[in-house]
Amino acid sequence: GSALKLFCRLMGDIDISEVEPARVLSFIAGKGPVTLTWHRKFYVLRLFYRFAISRGHATSSPLPSIVPKVPEPFQAYIYTTEELQRLLAATSILKIEGPHVSRLRADTFRTLLLILYGAGLRLGEALSLTLTDVDLSENLLTVRNSKFFKSRLVPIGPRLAAELHSYAGKRRQLPHPAGQDSAFLATRMGTDISGGYAEQIFQLLRSAAGIRRDDGASYQPRMHDLR
């Protein structure tokens, strides 16, 4: 339904017989490479025009006759141990401070990467951890209201616990605007780090570490692949 509404909106207030093949192809293809979205739009319109022709609203279909191959299923990137070490080392470039940059930015993002890799958390889950959620006496993380609105306990190993303990000591230097409910991985003001900013920093780190795909895929290694 949403695809048909978008199609009608982009074609404008015209009769179905006036829809030109070039405009239909532009709607299906978009501006990027061929993805599953290309095929979803194509099959929705194919059924739509099949219906229109059967009811006499159209005499032919303006859809392209050649359908590109469906892209290969998405494959997560598997980081090697050496790549992970380079990625963690790259966080040192974040030590450059500015008037609006936390002095703990390098430590914070190094700790974020370790949590994603060592505890298997999603990015949003890691960024939502509060000081209360990180129980270093029990080596336990509490993930609240994650996917499907469920909460869970995540045990962590001694090496990750040691890293979090070290960061926790530094984190005390930053403000605690919500007391113990303040963000564990925090900005200079002690507030949550946004997912968009984290992704932006990760792209910078990945580039500095020289990590990229060489298998022809249209997407590069992601932070979520650490999970």
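When the Karplus curve 6.51 cos²θ - 1.76 cosθ + 1.60 is applied with θ = phi - 60°, which whole-Hz ³J(HN,Hα) does each residue of region 118-123 get, with x for Gly and Pro?
x, 10, x, 7, 6, 4
If I model a spin label at residue 207 and residue 9 as a point 7 Å from the Cα along the Cα→Cβ vector, what separation in nanometres do I get?
Output for this residue pair reads 3.3 nm.
What number comes out for accessible area per residue over the chain if the probe is 1.4 Å? Units Å², please.
Per residue, the chain has 60 Å² of solvent-accessible surface.
Suppose we keep just the alpha-carbon trace of region 1-157; what are its Rg and Dmax in angstrom?
According to the Cα coordinates of region 1-157, Rg and Dmax are 25.2, 73 Å.
If we count every other residue with Cβ under 9 angstrom of residue 108's Cβ, Lys/Arg +1 and Asp/Glu -1, where does the sum land? Show your work: numbers first, answer last.
Numbers: positive: 105, 110, 170, 171; negative: 107.
Taking every other residue near residue 108 into account, the sum is +3.
How big is D for region 123-209, in µm² s⁻¹ as a whole number, if Stokes-Einstein is applied with the Kirkwood radius of its Cα pairs at 4 °C and 1.567 mPa s? Display every interim value, and only then the final one.
Working: Rh = 13.9 Å.
In µm²/s, the coefficient rounds to 93.
Can you quote the Å³ per residue value for the convex hull of the Cα atoms in region 70-227, rounded to an integer? Let's see the in-between values first.
Working: hull volume 19.9 nm³, N = 158.
About 126 Å³ per residue, rounded to a whole number.
Normalised by the residues of the chain, what does the relative contact order come to in percent, with Cα pairs under 8 Å and at least six apart? Walk me through the intermediate numbers first.
Details: 243 pairs, mean separation 43.3, N = 227.
For the chain, the relative contact order is 19 percent.
Cβ under 15 Å from residue 192's Cβ, residue 192 left aside: what net charge do those residues give with Lys, Arg +1 and Asp, Glu -1? Working shown, then result.
Working: positive: 105, 122, 144, 171, 188; negative: 125, 133, 181, 199.
Residues close to residue 192 contribute a combined charge of +1.
Per-residue counts of other Cβ atoms within 10 Å, averaged by peptide: what ranking do you get for 178-185, 122-129, 61-68, 24-31, highest first? Walk me through the numbers on the way to the answer.
On the way: 178-185: 16.2, 122-129: 20.0, 61-68: 12.6, 24-31: 14.8.
Going from most to least packed, we get 122-129, 178-185, 24-31, 61-68.
Averaging over every viewing direction, what projected area does the convex hull of the Cα atoms of region 157-199 cover, in nm²? Provide the component values of the computation, followed by the final result.
Numbers: hull surface 14.5 nm².
If I average the Cα hull's projected area over directions, I get 3.6 nm².
Compute the whole-percent fraction of alpha carbon pairs in region 90-133 spaced more than 17 Å apart.
Values: 371 of 946 pairs.
It works out to 39 percent of all Cα pairs.
Round to the nearest 0.05 the FRET efficiency obtained for residue 83 and residue 189 when R0 = 35 Å and r is the Cβ-Cβ distance. Kindly include the intermediate steps, with their values, before the conclusion.
Values: r = 32 Å, r/R0 = 0.93.
Computed FRET efficiency for residue 83 and residue 189 comes out at 0.60.
Give the residue from 93, 196, 42 lying farthest towards the positive end of the charge dipole for the chain; charges sit on Cβ (+1 for Lys and Arg, -1 for Asp and Glu) and the dipole is referred to the Cα centre.
So the residue we want is 42.
The values are calculated or read from the model by the stated rules, or taken from the named source; none is laboratory data. Values in this document were obtained by computation on a predicted structure and should not be read as measured data. In this analysis, Cβ positions are derived from the backbone assuming ideal geometry, glycine residues included, and neighbour counts consider all displayed protein chains. Note: accessible area is taken over every heavy atom of the protein model, side chains too, but ligands, DNA and RNA are not part of it. Shrake-Rupley method; radii C 1.70, N 1.55, O 1.52, S 1.80 Å.
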